[in-house]
1. Scan region A:401-412 residue by residue and report those that are surrounded by fewer than 14 Cβ atoms within 10 Å (Cβ to Cβ) and under 29 Å from the mean Cα position of the chain (by Cα).
2. Kindly check whether there is at least one residue in region A:301-314 that is within 12 Å of the ligand (Cβ to nearest atom) and away from chain B (no Cβ under 12 Å).
3. If the Cβ limit is 7 Å and pairs must be 6+ apart or interchain, which residue in region A:298-320 that is basic (Lys, Arg) pairs with which residue that is within 16 Å of the ligand (Cβ to nearest atom) and part of a loop (DSSP other than H, G, I, E, B)?
4. Is it the case, given these coordinates, that residue A:251 is more than 11 Å from chain B (Cβ to nearest Cβ), within 12 Å of the ligand (Cβ to nearest atom) and not in a helix (DSSP H, G or I)?
5. State the number of residues belonging to region A:262-285 that are part of a loop (DSSP other than H, G, I, E, B), hydrophobic (A, V, I, L, M, F, W, C) and over 30 Å from the mean Cα position of the chain (by Cα).
6. Can you pull out every residue in region A:214-235 that is within 14 Å of chain B (Cβ to nearest Cβ), more than 11 Å from the ligand (Cβ to nearest atom) and either modelled with pLDDT under 95 or part of a loop (DSSP other than H, G, I, E, B) (or both)?
7. Could you list, in sequence order, all residues of region A:447-463 that are outside any loop (DSSP other than H, G, I, E, B) and open to solvent by less than 10 Å² (accessible area, probe 1.4 Å)?
8. Which residue, of A:382, A:396, A:352, A:386, is surrounded by 23 or more Cβ atoms within 10 Å (Cβ to Cβ) and in the same structural domain as residue A:200 (by TED's automatic domain parsing)?
Amino acid sequence: MRSVAPGLALRRDVLVIGGGMAGAWAAAEAARQGASVVLAEKGYCGTSGVTATAGPGHWWVPPEGRRAAIAARNEAALGLADPQWMERVLEETWRSLPGLARHYDFPRDEKGQVQYRALRGPEYMRALRAQAEELGVLILDHCPALELLAEENGRVGGARGLCRQDADAPWQVEAGATVLATGGTAFLSGLLGARNNTGDGYLMGAEAGAQLSGLEFTGIYTVAPARSTMTRSMSYAFATYYDADGHEIVVPPGPDNTATLARALLAGPVTCSLHRMPEAVRARLHLVSPNVMLPFVRWGIDPFRDRFPVTLHTDGTIRGTGGLRIVDAECGTGIPGLFAAGDAASRELIAGAISGGGAQNSAWALSSGLWAGRGAARFARGWRPGARLRGLGQAGLRPLRAVRPVEIEAARATVLGEMQPYDKNFFRTQAGLRRSRAVLDTAWGELRDHALPGHGGRERLRAREAAALLATARWSVTAALARAESRGLHRLEDIPRIVPDFAHRLLVDGIDTIRVTPDHVPALPETAA
Amino acid sequence: MIELLLEEQCTGCNACVTACPTDVFEAVPGAPPRIARVEDCQTCFMCELYCTADALYVSPDAEGRTPVEPAALLASGLLGQFRRHSGWHEWQGHYPNEHWRMDAIFRLARGG
Ligand SMILES: Cc1cc2nc3c(=O)[nH]c(=O)nc-3n(C[C@H](O)[C@H](O)[C@H](O)COP(=O)(O)OP(=O)(O)OC[C@H]3O[C@@H](n4cnc5c(N)ncnc54)[C@H](O)[C@@H]3O)c2cc1C
């Protein structure tokens, strides 16, 4: 264990906040461009975040297939994506992923073809960590960022946080440029690997003045054995579901099949059997995804014969699409010195109104990570430290009124209580969204006004996480209220159809007072790499 | 949630303290680490992957505690299974990474 108490003060060209897929690619790329780089990770860079626990299959299309792939995907995106960005992501992923072969042992198939597309999460993150370390990136594990720092003129100049395995000693990094790569948030649902992803980057970005986009597209859920976190979806391609009476639930094929399950779960318990999975697949499952069978084996369930209860966990913005708005080709946020990558950024540019899960999100995390790393390194060139910096953190750090005890765990539970239930966030109604907004507003006001948790760093982190969760949930329901139609991952029971007037993205900005404005698809600036 | 750290198996390397993304363990000088914050466990199984001594057991129940019997667990063969199937450390080469088959499996499910 590193010992840095009583505090750590560093100066680096580039600070990357978050060490999942996007942050680890960003840090490596910034270092490759000659910048000195520090990466601050809440957990451990290698196991934390949703990359590590999954098996990201990238959007991987050879050049000759791209026109067709982009056309198909653009149509599915329901008018909110941008084919130029799709092209860039496909090209960057194709060009860059094989470079990880120094650290990731890409397997070959029976024909001897090297297989790049789908990587195993723990091995992928182990490789990305090794790559970053080899390039001289300083990694601070268990060092969550609590707030950004900025100059008087608005330029973001670093961040500060705490070293939670070092007596909660504070750290501060003064940096020429900062990349937010804090992932998305599943609002504390049981989504595998998502506990550290509490939307911190959204809040920190917004506190610096950045806008967000696509936050209404959070109505997405993934099936898992009840009480478990195992939201790995592949096996469920063979699933048969049953209602409480044991009757098979007819699930229509296609992307919206979880809607049928959500309705069934609202009516009562649902069980599942994987008996349709062919023997040949069963026999290799542990070699494909070693974690998928763990719950079954440990519970003594034979999923190929027994019926086991299932649930749905919300994906929030993780396999939803919203996040910080990207304003230029290097993944700038529009705030000088502040870049965003991965799920911390909106993926509407390539996914539009539907999910980028399953292929696009990881290609985006990789590409946007590289671009943000490059952009940050470039921005930091010639940078001189020593400017006066001020902490931008508000709710959970600097209460507006008299400090008094605030139930942080209750605030966290409030977020889950509004964003997880199927009849609130999956099947939305305008009245329901207004009710959610009111509940979230009350919890938000209390936290913003009064919370200043004790002296312990752990409590401060919990409070900041609660602030970020509440802020993100408020943006999500507010954007959902503004989109008076149903489109992609936003379904209004009141208006179950696409309304052509809404064929644009919705931007949100402001933290206390939230403004929603239409964003008319900007052309990609000329600086495209 | 993490239910067990088998002290007899533990080598005291503290790899779990470092690797746990939600900081559930606490190092104890001269002794095996302690499961200090079980309520923060996110049931991701990552600690098991990093434990070369196979001294950790995560119950799949993310919503409540599950009583476990150390002797029975030792006999069950469940300890270290994730690490073994992942082909980590001494298992490298014994269990090939066939994750790339995912696409073909999805296609098969679609009947293609
Ligand atoms: C089960 C599952 C399966 C998936 N499968 C696929 C797939 O097959 N194909 C695909 O394209 N996509 C898939 N996805 C989506 C894909 O995994 C994500 O888009 C991708 O991992 C995002 O990477 P990221 O770096 O942005 O986020 P993460 O990997 O989640 O990393 C975010 C990191 O930020 C850290 N962090 C958070 N807050 C702070 C803070 N305040 N200070 C410091 N650090 C902080 C977290 O600890 C975490 O390590 C899947 C997702 C899930 C949940």
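1. Matches in region A:401-412: A:409, A:410.
2. Yes, region A:301-314 contains at least one residue that is within 12 Å of the ligand (Cβ to nearest atom) and away from chain B (no Cβ under 12 Å).
3. Filtered contacts from region A:298-320: A:298/B:60; A:319/A:220; A:319/A:355; A:319/A:357.
4. Here the answer is no, as residue A:251 does not meet what is asked.
5. Count: 1.
6. A:226, A:227, A:228, A:235
7. Within region A:447-463, A:447, A:457, A:461, A:463 qualify.
8. After applying the criteria, what remains is A:352.
The values are calculated or read from the model by the stated rules, or taken from the named source; none is laboratory data. Values in this document were obtained by computation on a predicted structure and should not be read as measured data. Cβ sites come from the backbone with ideal geometry, for glycine too, and all protein chains shown count toward neighbours. For accessibility, only protein heavy atoms count, side chains too; no ligands or nucleic acids. Shrake-Rupley method; radii C 1.70, N 1.55, O 1.52, S 1.80 Å.
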